[in-house]
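One structure below.
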Amino acid sequence: MNEEHEYAVLGGLNRASIGRYLAVASALIAAGVVYLLLFLNSVWKSHGYNYDIPQSLVSLVTAGSIYLALYWLFSRHAWKLPLLASFLRVPNLSGNWLCDGQTVNADKTLGYKWSGRVTVIQSWDKVRVRLRTPQSGSNSITAALVYDEADGFRLLYNYINEPKIGEPELNAHRGFADLMFNKDLTVAEGEYFNGHGRFTFGTMRWTKEGT
């Protein structure tokens, strides 16, 4: 079963520091919420309401539980916000892309053209690159995002390709892709190299759907 996998970030903000920031925020929020609950409890009693906030509710407000909530929110949504993404230096590549490929022969002449559709599923710490063509499909198994101040963002990933049934000329194989994105994250261009079953290489161009 193909699932998202972790990816490395080179040139971006250290991920360990994000965990520390969230831990500090969680501790402060937990302390603030507990203080607020106790304050409300005292206010109610001062107005004659004989009611105590259940200890079970107070015990749920811990730094650990708040950290989990903050991390989920950050991992799934917050990191994609433009200002925050710019600070983190991690591009949001999620979505569907149209792919145009061109094989290159060993003598450097152009081979055949092919096309497909790429789906990128990405969170703060996991990603999956899924490429489908009429003949086969591939899934990434490792990946890295590189930030270059001069050129922009680069995606490097390894993949496993499996041909569809009825494609006897194609073999399952592994490959590597190297793509450079423009500043708007709407177009990417790069190269791919195949081995372990199919020794081919060429170029790819991704265009974000809807742009």
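Derivation of every value follows stated rules applied to the coordinates shown; laboratory data play no part. Bear in mind that the values here come from a model prediction, so they are computed numbers and not experimental data. Because the Cβ atoms are built from the backbone with ideal geometry, glycine has one as well, and the counts that use them run over all protein chains shown.
Arranged from fewest to most other beta-carbon atoms within 10 Å of their beta carbon, 17, 123 become 17, 123. Extension gain for residue 77 to residue 205 (0.36 nm times residue separation, less C-alpha to C-alpha distance): 43.3 nm.
Projected label points at residue 142 and residue 85, each 7 Å from Cα along the beta carbon direction, are separated by 2.7 nanometres. Placing pseudo-labels 7 Å out from each Cα toward the beta carbon at residue 63 and residue 28 gives an inter-label distance of 1.3 nm.
Pairwise Cα distances in the chain exceed 22 Å in 60 percent of cases. Give me the angle, in degrees from 0 to 90, between the Cα long axis of helix 63-76 and the longest principal axis of the Cα atoms of the chain, rounded to the nearest 10. Computed tilt is about 30 degrees.
Run through every distinct alpha carbon pair of the stretch 114-166 and return the Kirkwood hydrodynamic radius in angstroms, one decimal place. Can you show the working numbers first?
Values: mean 1/r = 0.0803 Å⁻¹.
Taking the inverse mean of 1/r over all distinct Cα pairs, the stretch 114-166 comes out at 12.4 Å.
Using C-alpha pairs under 8 Å with a sequence gap of at least 6, the mean separation divided by the residue count of the chain gives a relative contact order of 19 percent.
Count charges around residue 116 for me, please; just the other residues with Cβ under 13 Å from its Cβ, Lys/Arg as +1, Asp/Glu as -1.
On the way: positive: 113, 117, 130, 132, 164, 205; negative: 100, 209.
Computed value for this residue: +4.
Could you calculate the FRET efficiency of residue 119 with residue 151 from 1/(1 + (r/R0)^6), where r is the beta carbon distance between them and R0 is 22 Å, rounded to 0.05? Approximately 0.30, to the nearest 0.05. For the stretch 1-43, applying the loop criterion from DSSP together with a ceiling of 10 other beta carbons within 10 Å to the GluC sites (Glu not before Pro) yields 3.
From largest to smallest, what semi-axes in whole angstrom does the stretch 1-47 give when each is the square root of 5 times an eigenvalue of its alpha carbon gyration tensor?
For the stretch 1-47, the semi-axes come out at 41, 15, 5 Å.
Label zone of residue 6 (point 7 Å out along Cα→Cβ, amide N under 12 Å): in the stretch 14-48 this covers 15-16.
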